[in-house]
Amino acid sequence: MAFQFPEADRRARVAHRAGVPVGPLALALLGISILLALLSVSYAPLQADGGTLRVANVPMGAYRVNVFTDPTPIPPDTIDVSVLVTFERGRGVAVGLDIEVLCRRLDGTGEELRHPATREQAEDPRYYAAKFALGTIGDWEIRVRIEGPEGEGETSFEVEVQEPGFFSNPYLILTAALLPLLLVGWWLKGPPSGVSRSDPRTPEPTGDRRSERSAGA
């Protein structure tokens with residue numbers, strides 16, 4: 001026996017009488033609204049620590065080091081290098097560290113860049129962060145140097161810096177992805193009453209119009 005939901009049926013009938021779309025187009029619009037809301041929360045360049053994981057769980061004395069960069073891809077005018085340092089054996093997050101970020105171009109041109117990573121620059125209090133600009137496109141090596149009471153060391157990784165393009169803007173990607181869904185929803189909703197989707201010609205006259213035409217003849 002099928003379950004019935006009188007309240008849901010009543011709301012659907014009210015929405016239909018009020019002219020509120022309740023078909024596939026409405027579902028497509030609802031999906032767009034949800035995705036936009038999620039995107040507005042998740043897309044916040046340089047406003048939250050984390051991002052792309054570059055170095056994972058590297059041991060340095062009693063510390064375990066994880067390094068992230070944001071945004072991805074990395075443009076020449078901004079980068080956030082975030083460092084999360086924890087203790088081994090689940091002792092929590094390490095504090096009281098001196099962390100420096102060093103950057104150099106792999107082709108050997110230009111000067112080496114040095115920036116301290118501090119908790120003051122981090123949005124999340126568990127992280128150390130350094131926010132700066134590399135300045136030029138190309139391949140870079142980034143080194144993270146850590147010193148603390150229970151260990152010290154250095155880790156490195158390489159990144160490619162490139163000019164932002166069309167697909168680096170998530171809002172444009174979202175628009176391109178959802179436009180076909182919106183068109184499909186419009187097509188499923190159907191044309192105005194009396195017009196056939198398969199026959200673009202003017203609909204045949206109704207019975208009353210046929211009677212009037214016969215009387216006039």
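The values are calculated or read from the model by the stated rules, or taken from the named source; none is laboratory data. This one's a predicted model, so the numbers in the text were calculated from it and none came from an experiment. Heads up, the Cβs are rebuilt from the backbone with ideal geometry, glycines too, and the neighbour counts pull from every protein chain shown.
Considering (1) in contact with a His (Cβ under 7 Å, 6 or more places away or on another chain); (2) more than 27 Å from residue 108 (Cβ to Cβ), the lone condition that residue 148 does not fulfil carries the number (1). Checked against the criterion of being within 23 Å of the chain's Cα centre (by Cα), among the hydrophobic types (A, V, I, L, M, F, W, C) and surrounded by 15 or more Cβ atoms within 10 Å (Cβ to Cβ), segment 101-121 contains not a single residue that satisfies it.
Please determine whether any residue of segment 81-97 is in a helix (DSSP H, G or I), out of contact with any strand residue (DSSP E or B) (no Cβ under 7 Å at 6 or more places or on another chain) and either closer than 28 Å to residue 150 by Cα or modelled with pLDDT under 55 (or both).
Within segment 81-97, the first condition is being in a helix (DSSP H, G or I), and the residues that meet it are 88-90.
Subset that is out of contact with any strand residue (DSSP E or B) (no Cβ under 7 Å at 6 or more places or on another chain): 89-90.
Still in the running and either closer than 28 Å to residue 150 by Cα or modelled with pLDDT under 55 (or both): 89-90.
Yes: segment 81-97 contains one or more residues that are in a helix (DSSP H, G or I), out of contact with any strand residue (DSSP E or B) (no Cβ under 7 Å at 6 or more places or on another chain) and either closer than 28 Å to residue 150 by Cα or modelled with pLDDT under 55 (or both).
Taking the numbered list (1) modelled with pLDDT of 95 or more; (2) closer than 18 Å to residue 123 by Cα in turn, residue 48 passes all entries but (1).
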